[in-house]
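Remarks on the structure that follows.
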Amino acid sequence: MGVTYLKTFIFIVVLTISTIAFGIGALITLFITKNSNLGHYWARLWGWLQLKVTGTRVVIKNKELVDPRETYVYMANHQSWFDIFALLAHVPGQFRWLAKEELYRIPILGQAMKLIGYIPIDRSNRAKAFESIAKAAERVREGVSIMVFPEGTRSIDGVLQPFKKGGFILAIHSKKPILPISISGSHKVMPKRSWMVHPGTITITFHPPIPTEAYTIDDRDKLIALVEEAIRKGLTPEEGGKVELKEANSGEFHRVAS
């Protein structure tokens, strides 16, 4: 337990200092070069550092399925803050986050996120949320990959939660492939509602891209089921949760987590 407290203390100190220092570094870089891609490299280094100082090991599977030259809508399950660090450090190429609006209010970090091109989403306002989704879809059509957590927020118990539809509407409008990502083990490193860091290994599994050109908004539930099934394959049975069939208004049955 003493090691856990020490590791947590070091993590909080390094996270605070690096967020300020790297945020300033990103702002200066972006101001001088006007190149948002360079700003993302600062974010990658920031994510890598948090993993390093906590001794969190990351195992990568199927990285060859990701073409850094391709444009994707990345979709990953969300168990912990460490998902963000692991994805920044290990997803090849450039991408931008579709992230909750509250993060943009944090001094320095928020300004850096805006200049890098991350897209805020206000989950409390439906109209604004759809405006953000439309903006993100436009960015994807322009060739910018976007990272989405389809559950909307971190799972409290580490078990895969039902997916929200916004990210799938984004993908359908963009006509770009969805690349599912499974994140396993991060809940044990740092559960939701806790700042305690525990020794552990995070496994990131990339899955084959799923084309979206043939999908319309009306059959988005079918796309959700495909992505959910892919992500569940990279999780443990406990993380994947139980799956049951639920009848939709159309009379069809869809797989949902329970």
**Asked** Which net charge results for the neighbourhood of F168, defined as the other residues with beta-carbon distances under 9 angstrom from its beta-carbon, given Lys and Arg at +1 and Asp and Glu at -1?
**Response** +2
**Prompt:** Counting each DSSP H run of 4 or more residues in the chain as -39500 (n - 2.57), what helix-only mean residue ellipticity at 222 nm follows after dividing by all residues, to the nearest 500 deg cm²/dmol?
**Reply:** -14000 deg cm²/dmol
**Request:** Report, ordered by chain and residue number, the aspartates and glutamates lying within cross-link reach of K222, taken as a straight Cα distance under 14 Å and ignoring same-chain residues fewer than 8 apart.
**Result:** E213, E247, E252
**Request:** Please give the length that would be gained between W48 and E142 if that part of the chain were fully extended, namely 0.36 nm times their separation in residues minus their C-alpha to C-alpha distance (nm, one decimal).
**Result:** 31.0 nm
**Asked** Per the Kirkwood treatment, what hydrodynamic radius in Å, one decimal, follows for the chain from the mean inverse distance over all distinct Cα pairs?
**Response** 18.8 Å
**Item:** Alpha-carbon radius of gyration plus Dmax, which is the widest Cα pair, for segment 1-123 in Å
**Value:** 15.0, 46
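Since every read-out is calculated from the coordinates, none of them should be taken as a lab result. For clarity, every value in this text was computed on a predicted model and none was experimentally measured. Cβ coordinates were reconstructed from backbone atoms using ideal geometry, including for glycine residues, and neighbour counts include every protein chain displayed.
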